Structures are given as structure tokens and as C-alpha cells.
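Notes to accompany the following structure.
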Amino acid sequence: MKKLAAITLTSMMLLLATAMVVGAVPSVEVRGAVAGTINGQSNLADNTFTWNPQNFAGFYYDIKKDIGTEELKFLITGDNKLSGDSPDYGITYTTTAQNKDYERELWGSYKVIGFQADKYFAGYNEGADVASNIFYSESTDKNSLSSEQLEKILKDDDTEMTVTSGTPLKLEEGYELAIKSIDIDGNKVYLELSKDGSVVDSKVVSPSKDGATDADKTYYYKNPVVGEQKKLVTIAAHFKNAFRGADTNLATIDGVWQISDAPTEVKADTQYDKMTIRAVDANAGTITMDNKDNAITLSKNKDTTLSGGIKVKTADNDTLRFYIYKLITEPGDYQIRGAVATGSFTWDPQTFAGFFYDIKKDLGNENLKFELTGDNKLSGDAPYGVTYTTTVQNKAFERALLGSYKVIGFQAEKYFAGYNEGADAGSNLLYSESTDKNSLSSEQVEKILMDNKDEMTVTSGTPLKLGEGYELAIKSIDIDGNKVYLELSKDGSVVDSKVISPSKTDATDIDKTYYYKNPQVGEQKKLVTVAVHFKNAFRGADQNLASIDGVWQISDAPTEVKADTQYGKMTIRAVDANAGTITMDNKDNAITLSKNKDVELMPDVSIKTADNDTLRFYIYKAVTIEGAAAPAAEAAPAVEAAPAVENKTVEQPVAEPVKVEENKTAAEPVKAAENKTKTEPAPGFEGIFAISGLLAVAYLVLGRRE
């Protein structure tokens, strides 16, 4: 039974680890409001546009205390230029430190500042009593801005936790705080702080003695040198109590504070990418920057780093349109928030970066409206407190010769809603080959998995990886390189095969395009879900290869949009396939916006209210960046495998391959760009089912042996 328990535990850990990464993404782009020409109208006032925490979720903002002051202003000249000359710099940035309470409020407050779209510590505040004055009084250089530097805030937490002599408190940047011993009465706790395994400090705290004060209960570390600052408290932990046991010592912690010991310099004239620090005022707590000597022209299809984590992107369009954004790649869980509201409010792609938006064609029209009653309630009765509308728009495929399709934002995701009839055979292919062309007519939509025109090479040994377990493989090419026999497989089983002729004389777009008519996609029949455009093909001595310059794929697992379908608190009220609209409301699901609430409104959109008596709230989209999941448990001892079950699965019939002659000649390969985009199938629940199956088999086998 020990083996059974081991494999059961391990399988469950693997199951949990697999489940945690479902839906994860490699990076997240948090964009600001779009500037320029939107819906045919310019929103530039006197050729300027300004971003702040209200219209750029990348800037630091604390909803609890309404803290966040970063501001970035663009002044554009007639030639779409952001001047780098004085006095009218094209870009100016300002930020100001503000007082913020620690999460463990008895410690008092400190100075926090947003800088380059990150949260930083700017100095300690003098407290009104001993408890709220510890860090200030124990630090020699208390004001970081006076030393022209800032420190990242790594931990500010009042969550209660237990540490033992065998499990030290893990901190950031390689630090650990360990209990080394506790006296027999449990009054005195001897602690050691180590960094990367080396002890850097030790101290005794007395959390359990009679009349213990906050000073008695607080461990703090005065870092000797942090950049230009001397003896700065960078770590603190508040011990609620301690206990000496027979086998182990333990203590309860209810407050942890840590700032980085690698400061960020904010000296005047320090340059960060295109921006230079112009002035730092330690008394006023302000930092100003501009783009002196770094003029930027906002020409089409550019992506420019401005400063630190802030970038500016322009549309691939002759009409000027652009936004700033922050690219997040660090593994973890994040919220893409909308503008902060204090009463009735409406969010759209301009005020909520989570909604679908395509800057190239100015596409995206999701609209979420809150109407609050006097008691801060979103009524579930007509007129409803929450209403949501979205409408399809026509979008050209990235490979424009394929024509266009209907795109729609739905619940903060991008979906396919139908094919458009094309003006010629090439741009009409996907429309004409699909039987049920309009997804909304079938009351469903499909996620768009791939739409690109990047040139890449595939070979007979390296098939094209698609989403949801699909692969397109070259099986053979005739001796002239004209006919290419392709097989499409899903999860290793062939589902389709076709011959295309990309290299023949006068080949048309139809000759060059492979497409897969999926027999059944929800309620839709014979819907083209995969299309690949081949530029050319070549039969070589050792392997066959082809150059691809267009890939299209939509999901074969549709999302239902039938009337009365409920998603979270929202219900679909109507779907109009002709007008291309979906409307939703919160019928029978009233929501009261009381303090410190986090409510899922619909699968990808939630509401967060401030932990404050003053009503303040925003909507947000939660995202997880890959790599945040906990590592799987160590593998259990190997066990004998169960007898294999005979494979009775029957492959679907495929078309007979084209007959080709044996390769007798070798020629110079066609020049094609290296395959730079290999999209792996999105993680789903297949792994969970597989692990569950292994668990069941192990249980049966080991159970019999026991």
C-alpha cells in the first residue's frame, strides 16, 4: 500500500501542477488608451495626449488608497514628430511620491512612488509612536530620493503564516529568515538572516513575553549599504507569538516587509532608453523626465522603447494611431484593469485594455455599462445594472489575398464570427468551401488561434505545428515539385489529406492553398477551420520542403452564444446574426458593490472594489504568465506497468496519396525564411485526463498486488 500511496500522491501533485498552467500565456501586453484617429475622429487636443493611471493600467495604482500619480504626455508636431529639443519636448513624464500605509498598519506609513510603470519605495515616514517609528528611527539614510535612488518593494504583507526551525521564512533576492532556537519559556526567539546561504544578521525577538511591545515582536535588518544609503532597514518581520515544542520550534508571523537591496538610480541626467531624468526634488518627492536629444517620429508600424518598461506602438496604417504599453514577461498572476470608477460608468476598448482591440484597422467595440442605484447596487431587474454589447466587424486576413472575415470581441477575447464572400476566387475560397459560413447564425463563435503571413519553411521531417493538437505534414512531392501531398493530423491521428500545386506554372491562389473543412464544429457543418498558403515547394535528395506565407486557424471547440445562456453573473439576452450583435445583462443576479469585494462578472471579466469606505472600483481581466506554476513533486518509485489494452481505434479514411516518381535529381533548394513561429497547442485538460487514467491504472494494479 505504500507504493499505492506514493503514486497516488505524486499523480495528484502532477494533476494540480498541470491544472495550474491551463490557460497560461508567455507574455502580456498591457496597453494604454489609443491616441490619434479613432472611429474616424482625432482625439488629440492641441496635438497632445496624456496617459495616467486612469487610461493606462501599466502605471502603478493602489485602489485601496487611490494612490498613483505617473503621467506621460505626448506633444506632436505637424510631421508626427515627438521633438527632442527644448523647451517643448515631445515627451514629458512626471511622478510624485505619496504616503502609503503598510499592509500591517501598526507599522505606520512609508513613501511610495510609481516610476517607469513600476512600484518603488521612496523613503520612511516618521511615526507617531514607537511601533510606527521603528523603520524610520533605525535607518540612517531614511529618504531614498535624497540619495537619488529608489528601491523596488518586494513584500508588504499582513497574511498570518507559521515558520518552524526546519522551514525558514523565504524572502526575495536570496534571503531567508530562520528560527535557530527558542528559550524554554517560549519568550526569546533567536533568529538568523541569510542571503544565498551566508548569514548576514542575527537578532533576538521576544514576541511571547508578558507586556511585549511591537518593538519586542519585530525583527528588522539594517542593511549596511544600499547604493548611496547607509543602514537602511530593508527587511522586517512581525512575530505574533512563539512556541518551543518537543521536536520543533515554531512561531507565527503576521507582517512581512522587504525592499530590494539593488536600488534604481534616479540622478539628474540619468538616461533610460529615450528618456532622461531632468530633475529630482526630494522635498516635494517628484521626478521629471523628458526625451531630450531623442526625437521620435511616429511613422506607421513602429515599436519603440521609451523608458524602462514603457513602449509606444503605432498602427500599420497610413492614419496616425498609437498607444503606449507595458510588456510583462515575468511569470505570475496579473490583473489587466480598466479605468477606476466611483459611480455609474461605461468601459470600452479605450478605458479597458482587456477588451479586444486591433490598432491596425481600429477594430473593437465591446461595451460594458454599469448603472448604480443609490445603495451602490447593480440591479438584477429591468432596467438592469449591468449591460454588455458587442458587434462583429470585418477584418482582412493577415494574408490579405484570402479576403476578410467577421471578427468579434466577446467577454474580453477575440473570436471568429463568420466568413465574408470574396470578390474573386482566391478571396472567396474559405467562404465558398464552408457550408455553414456564419457562426452567429448557429449561435456560436470560435476563438482565432492563428492568423499570420510570416514566411516559414516546413519539411517532410518537421511538420507545421498548429493549435489544439493539429499538425500539417508534407508526405510527398512529385519529381517536378509541382504537386504536394499533405496530411493533417490531430493528436497523432490523420483527419484529412489533400494535394496542392503551389509551384506549377500559373498556379492560382486556390492551387496554392490547403484548407480543411471540419465536418462538424458545434452546430456548424463543413466549416473551414485550417488554411495554409504555400508559396512554393521543392523535392530534395534527402527531404522535401515547402515555403509557407500564410496560416489561418480557428478553434474546433466553439463558444456558445445562444439566448439565455448564462456566463457567470451575465446572461445572453439576444443574438442578431444579421446585425452581428450580442447583448448580455445581469438579469436575476443583482450585485452590491460593498468594500473589498472581488466578483467574477463573466469568465474573463471580474469586478474589484477598494478596501475603503469610499466606493471605488474597476473591472479587470486576470491573466497568468507561464512559469508561475509550482514544480511537480518528485517522481514516485517505479512500478510495473499494467498490461496494455489492445488499440481498437480506427483511423478515419484519407484520400489516396498522389503517385510520385522516385526522386532521381537534386536541385538548389528554394530560398525561404526559417520557421520562426511554431505555435504549440494551447494547454488544455488532456493532461489531466491522462494523469487521472494513470492514477486509475496504478490503483488497480497495485491494489491487486497488495
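Can you pull out every residue in segment 294-303 that is closer than 13 Å to Ile91 by Cα and part of a strand (DSSP E or B)? If the condition is that a residue be closer than 13 Å to Ile91 by Cα and part of a strand (DSSP E or B), then Ile296, Thr297 are the ones that fit. There is at least one residue in segment 272-291 that is modelled with pLDDT of 95 or more, basic (Lys, Arg) and either under 18 Å from Gly90 (Cα atoms) or more than 31 Å from the chain's Cα centre (by Cα) (or both). Looking across segment 469-479, just one residue is acidic (Asp, Glu) and in contact (Cβ under 8 Å) with a residue 24 or more places away in the chain, and that is Asp478. Filtered by the rule that a residue be more than 19 Å from Lys414 (Cβ to Cβ) and in a loop (DSSP other than H, G, I, E, B), segment 578-588 gives Asn578, Ala579, Asn586, Lys587, Asp588.
Considering Gly255, Gly227, the condition of being at pLDDT 95 or above and either surrounded by fewer than 18 Cβ atoms within 10 Å (Cβ to Cβ) or more than 26 Å from Asp129 (Cα to Cα) (or both) is satisfied by Gly227 alone. Taking segment 508-541 as the range and being more than 19 Å from Gly418 (Cα to Cα) and free of Cβ contacts under 8 Å to residues at least 24 places away in the same chain as the test, the residues that pass are Asp511, Lys512. Note on segment 25-56: residues that are surrounded by 14 or more Cβ atoms within 10 Å (Cβ to Cβ), within 19 Å of the chain's Cα centre (by Cα) and of a type in the set (S, T, N, Q) amount to 1. Is it fair to say Ile113 is aliphatic (A, V, I, L, M) and assigned to a helix (DSSP H, G or I)? Answer is no for this residue. Only a single item in (1) closer than 18 Å to Thr559 by Cβ; (2) surrounded by fewer than 20 Cβ atoms within 10 Å (Cβ to Cβ); (3) of a type in the set (Ser, Thr, Tyr) is not met by Tyr419, and it is number (2). Would you be able to say whether some residue in segment 466-487 is hydroxyl-bearing (Ser, Thr, Tyr), within 27 Å of Val561 (Cβ to Cβ), crowded, with 18+ Cβ neighbours inside 10 Å and assigned by TED's automatic domain parsing to the domain that holds Val528? Among the residues of segment 466-487, at least one is hydroxyl-bearing (Ser, Thr, Tyr), within 27 Å of Val561 (Cβ to Cβ), crowded, with 18+ Cβ neighbours inside 10 Å and assigned by TED's automatic domain parsing to the domain that holds Val528, which makes the answer yes. Restricting segment 79-107 to residues that are assigned to a strand (DSSP E or B) and without any contact (Cβ under 8 Å) to a residue 40 or more places away in the chain leaves a set whose member that is surrounded by the fewest Cβ atoms within 10 Å (Cβ to Cβ) is Asn99. The set of residues in segment 511-547 being among the small types (Gly, Ala, Ser), at negative phi and touching an Asp or Glu at 6+ places or on another chain (Cβ under 8 Å) consists of Ser547 alone. Checking each residue in segment 214-273 for being closer than 22 Å to Tyr175 by Cβ and without any contact (Cβ under 8 Å) to a residue 40 or more places away in the chain picks out Lys217, Tyr221, Asn223, Pro224, Val225.
Identify, please: which residue in segment 303-346 is among the polar types (S, T, N, Q), over 23 Å from Leu75 (Cα atoms) and free of Cβ contacts under 8 Å to residues at least 40 places away in the same chain and is, among those, surrounded by the fewest Cβ atoms within 10 Å (Cβ to Cβ)?
Ranking the qualifying residues of segment 303-346, first place goes to Ser344.
All conditions in (1) closer than 17 Å to Val233 by Cβ; (2) in a loop (DSSP other than H, G, I, E, B); (3) in contact (Cβ under 8 Å) with a residue 24 or more places away in the chain hold for Ala122, with the sole exception of (2). Quick one: would you say Thr69 is more than 30 Å from Val233 (Cα to Cα) and part of a loop (DSSP other than H, G, I, E, B)? Criteria not met by Thr69. Taking the listed residues Leu440, Leu464, Leu486, the one that is within 30 Å of Ala579 (Cα to Cα) and among the aliphatic types (A, V, I, L, M) is Leu440, with no other qualifying. Residues in segment 158-192 that are in a strand (DSSP E or B) and touching a Lys or Arg at 6+ places or on another chain (Cβ under 8 Å): Tyr175, Glu176, Ile182, Tyr190, Leu191, Glu192. Meeting the requirement of 2 or more residues that are touching a residue at least 24 places away in the same chain (Cβ under 8 Å), farther than 27 Å from Phe355 by Cα and not basic (Lys, Arg), the strands (runs of 3 or more DSSP E) wholly within segment 391-468 are 456-459. Between Leu545, Leu527, the distinction of being surrounded by 18 or more Cβ atoms within 10 Å (Cβ to Cβ) and at pLDDT below 95 belongs to Leu545 only.
The values are calculated or read from the model by the stated rules, or taken from the named source; none is laboratory data. Worth saying up front: this structure is predicted, and the values here are computed from it rather than measured. Heads up, the Cβs are rebuilt from the backbone with ideal geometry, glycines too, and the neighbour counts pull from every protein chain shown.
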